[in-house]
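S.K.: Mind looking over this structure? Questions follow.
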Amino acid sequence: MPVPLRKPLWLAVIAAGCTAAAPATAAELSGPEIKALIGGEKVRLSTPFGIALPLEYRKDGVVLGDVSGFSAARMLAPSEKGRWWVAGNSLCQKWPTWYDGRQFCFKITSLGGGKITWLRDDGASGTARVGP
């Protein structure tokens, strides 16, 4: 039986180890651009371990996180269903238990070709790929 943790290890890895600087041609997205890019898509967050962690942002405002396919994650709370929305020019999300249920918002910058960088409101940052 998985051991539920308040902050799964993979979430801590993303917050601590995924930083990236946006190139000069990058463009920070507006709220409508974020909604058009993210809604209905899978977003794969890059990690320092070379694996991409998937989040599915459904158009109905539900975000699904499932890392059960990763062997280390099977001992944690491997999946969760949260909410996402756009507020101003930020992507916001809230999970029932991940991050202790705390809400976070992100500035999203497009790098082109489905690649993005994100900057969370607490200063954490990283990269991701949007799409199949």
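S.K.: Just to verify a result, which residue in segment 96-121, among those that are without any contact (Cβ under 8 Å) to a residue 60 or more places away in the chain and of a type in the set (D, E, K, R), is surrounded by the most Cβ atoms within 10 Å (Cβ to Cβ)?
M.R.: Among those residues, the one meeting the criterion is LYS115.
S.K.: Out of THR47, THR109, I need the residue that is at pLDDT 95 or above, among the polar types (S, T, N, Q) and within 17 Å of GLY126 (Cα to Cα). Which one?
M.R.: On the way: THR47 fails: at pLDDT 95 or above.
Going through THR47, THR109 in turn, just one is at pLDDT 95 or above, among the polar types (S, T, N, Q) and within 17 Å of GLY126 (Cα to Cα): THR109.
S.K.: Under the condition of being farther than 20 Å from TRP118 by Cβ and modelled with pLDDT of 85 or more, which residue from segment 68-95 is surrounded by the most Cβ atoms within 10 Å (Cβ to Cβ)?
M.R.: Kept after step one, since they are farther than 20 Å from TRP118 by Cβ, are these residues of segment 68-95: 68-79, 81.
Retained after the next criterion (residues that are modelled with pLDDT of 85 or more): 79, 81.
Values: SER79: 15, LYS81: 13.
Ranking the qualifying residues of segment 68-95, first place goes to SER79.
S.K.: Of the residues in segment 81-96, how many are over 14 Å from TYR57 (Cα atoms) and either within 11 Å of the chain's Cα centre (by Cα) or not hydrophobic (A, V, I, L, M, F, W, C) (or both)? Steps first, please.
M.R.: Step one: filter segment 81-96 for residues over 14 Å from TYR57 (Cα atoms), giving 87-90, 96.
This time we only want the ones that are either within 11 Å of the chain's Cα centre (by Cα) or not hydrophobic (A, V, I, L, M, F, W, C) (or both), so: 88-90, 96.
So the answer is 4.
S.K.: Only residues that are of a type in the set (A, V, I, L, M) and more than 16 Å from GLY31 (Cα to Cα): list them for segment 76-129, please. Break it down into steps so the answer makes sense when it comes.
M.R.: Residues of segment 76-129 that are of a type in the set (A, V, I, L, M), as a first pass: 76-77, 86-87, 91, 108, 111, 116, 119, 124, 128.
If the condition is that a residue be of a type in the set (A, V, I, L, M) and more than 16 Å from GLY31 (Cα to Cα), then LEU76, ALA77, LEU111, ALA124, ALA128 are the ones that fit.
S.K.: Also: Test GLU28 against the criterion of being at pLDDT 50 or above and crowded, with 16+ Cβ neighbours inside 10 Å, and give yes or no.
M.R.: no
S.K.: With respect to GLY126, determine if the residue is within 10 Å of the chain's Cα centre (by Cα) and more than 22 Å from PRO32 (Cβ to Cβ). Steps first, please.
M.R.: Working: within 10 Å of the chain's Cα centre (by Cα): yes; more than 22 Å from PRO32 (Cβ to Cβ): yes.
For GLY126, the condition - within 10 Å of the chain's Cα centre (by Cα) and more than 22 Å from PRO32 (Cβ to Cβ) - is met.
The values are calculated or read from the model by the stated rules, or taken from the named source; none is laboratory data. Note that the coordinates shown come from a computational prediction; the quantities given were computed from them, not determined experimentally. Neighbour counts run over all protein chains shown; Cβ positions are idealised from the backbone, glycine included.
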